[in-house]
Every structure is written in C-alpha cells, then in structure tokens.
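The values are calculated or read from the model by the stated rules, or taken from the named source; none is laboratory data. What you see is a predicted model; the values in this text were computed from it and never measured. When we count neighbours, we look across all protein chains shown, and the Cβ atoms used for this are built from the backbone with ideal geometry, even at glycine. Areas reflect the complete protein model, heavy atoms only, side chains present, ligands, DNA and RNA absent. Shrake-Rupley method; radii C 1.70, N 1.55, O 1.52, S 1.80 Å.
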Amino acid sequence: MGGLRFMTAGESHGAALTAILEGVPAGLRIPRAAIDDALARRQRGYGRGDRMKIETDRVTVLSGMRFGETLGSPLTLQVVNRDFENWTDRMDPFGAPAGAKVTAVRPGHADLTGVLKYERTDARDILERSSARETTMRVAVGAVCGALLRELGITVASHVTVIGGEAVNRAAIRDEDIGVTNSADLSCCDPDAAVRMKARIDAAKAVGDTLGGIFEIVVRGLPAGLGSHVQWDRRLDGRLAGALMSIQAIKGVEIGAGFACAHVPGSEIHDEIYMDADGRPYRRTNRAGGLEGGMTNGEPLVVRAVMKPIPTLMAPLHTIDIASKKEVSAAKERSDCCAVPAASAVGEAMLSFVLADAVCTMFHADTMTDLMASLAAYRARIDSRWQDV
C-alpha cells in the first residue's frame, strides 16, 4: 500500500505510553540513542516544570526490530511513566475511585468540553489523555522517521525564534546553523535573544503566569515533487499544517513568508526562477518556503508554528466547578511556565513523520535498499532533463 501510519496510547500519569508505527521498510538501522536523545530534547527547556525532574524517558522497542534494524513489520515503541508509582491509586484501571475529583475545569484546556462530550464527572478522565505528555510517543515515532530521512540525505532541524514577544535576529541565522548552534536550554540560535527570553520566562514564573512563542523548522535535501496538486488531501502543505496544528497548544502555522504575504504585492512575494551556469533552474529567494502547488520544489522547506501560553497557571484563572456549578478558580496541575523549546522538538518529529510518509508513499518499497534506489532513479530522471542531449 505504501506510506506510514502511527497511533499512540496512554495517559499522562498512566503506567506507560505506547506507539505503533507501521510501514517502515526493512533494513533501516536505528541506534537506541537516536530515539532516546530525541526524547531527552523534548524534556529539556528553560521554564519546564517539576515533572521533567521525575521522568527520564527511555524507549523500549517491543516489536519490529532485531539487533538495531527494522524488519518491515510494525514497530511498537513504549516509554514507562516513572511517576505512575505515585499515581497508582488514582489511575488504577481496575481499582475503586480514589482521591478528589478534578471539577474546577481549566480555561484553554480540553477539560470542560471533554467532560461534556464523554459524559464524565471528573476532568481527570479528560486531562490525562489531552496532556502534552502524549507527545512523548510522537517524538519517538519522529525519531524513527528522522533516521529514515537521513538515510536519504534529508535533514530536519528546528529552533525557537520567539518567546513571550522576545524574538531572534533571524537575518543573522543561517539555515545550516539551525540544529547545530542551538542552545541546550532554549533551542535558540541567537545568544542575545536567549538572554531576553530567559528574563521574560523568569518574570512570568514569578507571578504564576505562562508564556508561548514561535518555533521554526527547516528541512534540507528534499526532492522536488513530494505531495501532489491533483487532490486537496494529497497537497503536502495541507498535511504539514495539519500535523503541526495537531500538537497541543499550537494555534497557527505558516509556510515560507506565511502571513507576511498579506502585506505585499505579488511582485515582491513570488520566487522568480533563473537558469544557472550549468543550465539548471534555481531561485534567488525562498519566500514560498519550499512548497508550490502543494508540492516540494527542491528548495529548503521552511515552516513555523506558534504555541499559545500553557493554560495551567499557578495563579489560576476564573472558571466554574462542574460539580457545584459555582464560579471558582481553576484547578492546578503540575505544569510548565514555558514549553516552546519542547514544542519545537515535537514539531520536528511531526514534520519528519509527514515527510517520511510522503517519501514512502511516492517511492514505495519494502526495503531500504529498494527505497533508496527508487529515489535515486527519480532524482536522476529529473536531473537528466537539464542535461544537454
């Protein structure tokens, strides 16, 4: 059939988180560190909460691999929640209800809508699954997909560009530095901006508030032609935007110049095409962000996403109690002040999945050897178009 698909399962304070990834060709070598390092990136970041001091996420592969190499069968990935031992009485699948119910639903979270939709009386039945802890397994899946892309010469890297209104000097950051010069605590490539971001996070934390921001992902080495213009659901730009919007707290996505397109005429936004000395087409700008007509055009793919401030505040917002039906202050769960660096790692993982799926769909093969040969033949066919006869 071609292509990849995955599903995750698990609650934030449950026994474990699990993902099943299907469609990865046989013969892909994946070091354990490739997944564990990605999981560690998701846990790091200035402004993270105490939960990250408890969990040290490590992957267990339950199926689909032997001796570090994929078999072509579904991969089952699992991460155990160490904090579960402190929550066993409240999360026991077969036990009796224990502990106080969460009834003071949080604005900006899934709490109220979820209890109404699923007819629950305890918002914990909703918040455990809607928690961003679920993205642990998206990152594990994305690490596998990232390994596949790297075998094909495609790299995916992200960095944080804005936190709490403090922005990097993007003009001073080269695409090839992204993922290389990032700071460990903010995933930011601009040291001066990082200082301002930390000060803004400290100020927000001091008053029990939270901050959002923007991260950018740059993908290099993509062939022209991934995706398609022929049907709406095959357009790659739509799939990429949907993947990023599916991440908790993401409220906007832009590709290339994005929303700036609304402020300038077409003569200043489209990337004119030229012929180089070797008779091959090239563009001097990349305002399209590597996508035209729902397909990659061979330029670097540039995508940005904005994350809203986390809705769990230590200085709780005004809300209602679904049990007493009175106005109260919202419930407090252990949470972060800022998780934009972590979100950038999740965004990188989701783009890696979508792009790996696009490659495996277009160049379907059951082995990495055949997949690489198919992509190489496609690249050679396109390149031959510009060669003199």
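Worth pointing out:
- Note on segment 78-133 and segment 203-269: Cα centroid distance 31 Å, given to the nearest whole angstrom.
- Across the chain, C-alpha contacts under 8 Å between residues 6 or more apart give a mean separation that, scaled by the residue count, equals a relative contact order of 24 percent.
- Cβ-derived FRET efficiency at R0 45 Å, T56 paired with N169, nearest 0.05: 0.80
- Estimated distance in nm for a label pair at W232 and F67, the labels positioned 7 Å out from Cα along Cα-to-Cβ: 5.0
- Relative contact order computed over segment 241-389 (Cα-Cα under 8 Å; 6+ residues apart), in percent: 20
- Amide N proximity, segment 224-240 versus R381 label position 7 Å along Cα-to-Cβ, cut-off under 20 Å: 224-231, 234-236
- Helix-only CD estimate at 222 nm, as mean residue ellipticity for the chain, using -39500 (n - 2.57) per DSSP H run (n ≥ 4): -9500 deg cm²/dmol
- FRET efficiency estimate (nearest 0.05) - Cβ-Cβ, A373 to L112, R0 41 angstrom: 0.20
- Cross-link reach list, lysines versus K198, counting only Cα pairs under 21 Å and skipping chain neighbours closer than eight places: K53, K308
- Potential extension, T76-A199 segment - 0.36 nm per residue separation minus Cα distance: 40.2 nm
- Other residues whose C-beta falls under 9 angstrom from the C-beta of P97 contribute a net charge of +1, scoring Lys and Arg +1 and Asp and Glu -1.
- Remark: segment 360-366, residue by residue, has Karplus-estimated 3J(HN,Hα) of 5, 6, 6, 10, 3, 7, 8 Hz, where x stands for each Gly or Pro and the curve is 6.51 cos²θ - 1.76 cosθ + 1.60 at θ = phi - 60°.
- Sulfur and carbon atoms: percent of accessible area, the chain [1.4 Å]: 54
- Charge-dipole axis of the chain as Lys and Arg at +1 and Asp and Glu at -1 on Cβ define it, positive-most pick from A204, W87, I20: W87
- In a fully extended conformation the segment linking S267 and R120 would gain 47.4 nm over its present Cα-Cα distance, using 0.36 nm per residue.
- Cβ-derived FRET efficiency at R0 30 Å, A96 paired with R5, nearest 0.05: 0.20
- The 3J(HN,Hα) values that the Karplus relation (6.51, -1.76, 1.60; θ = phi - 60°) gives for segment 369-381 are, in residue order, 4, 6, 5, 5, 5, 5, 5, 4, 5, 5, 4, 5, 5 Hz. Gly and Pro appear as x.
- Once each of the chymotrypsin sites (Phe, Trp or Tyr not before Pro) sitting in a DSSP loop with at most 12 other beta-carbon atoms within 10 Å is removed, the chain keeps 119-385 as its longest stretch.
- Anisotropy class assigned to segment 1-43 is oblate, per the alpha carbon gyration tensor with a/c at or over the 1.5 cut-off and a/b no larger than b/c.
- Added length on full extension, which subtracts the Cα-Cα distance from 0.36 nm per residue, A277 to M314: 7.3 nm
- Of the trypsin sites (Lys or Arg not before Pro) found in segment 230-289, those that fall in a DSSP loop while having at most 12 other beta-carbon atoms within 10 Å are R284.
- The residues packed around D209, meaning those with a beta-carbon under 12 Å from its beta-carbon, carry a net charge of 0 if Lys and Arg are +1 and Asp and Glu are -1.
- Taking amide hydrogens as placed 1.01 Å from N in the peptide plane, the amide H of A26 sits under 5 Å from those of G72, T367, M368, each at least 5 positions away in sequence or on another chain.
- Heavy-atom surface of segment 5-386, accessible at 1.4 Å and reported per residue (Å²): 48
- Cα gyration tensor shape of segment 1-82, rounded if a/c is under 1.5, else prolate or oblate by comparing a/b with b/c: prolate
- Label reach from A34 (point 7 Å along Cα→C-beta): in segment 364-389, amide nitrogens under 14 Å belong to 368-369, 372.
- Among the GluC sites (Glu not before Pro) found in segment 104-181, those both in a DSSP coil and sparsely packed, with 13 or fewer other Cβ atoms within 10 Å of their Cβ, are E119.
- Seen from A167, the other residues with C-beta closer than 15 Å to its C-beta sum to a net charge of 0, counting Lys and Arg as +1 and Asp and Glu as -1.
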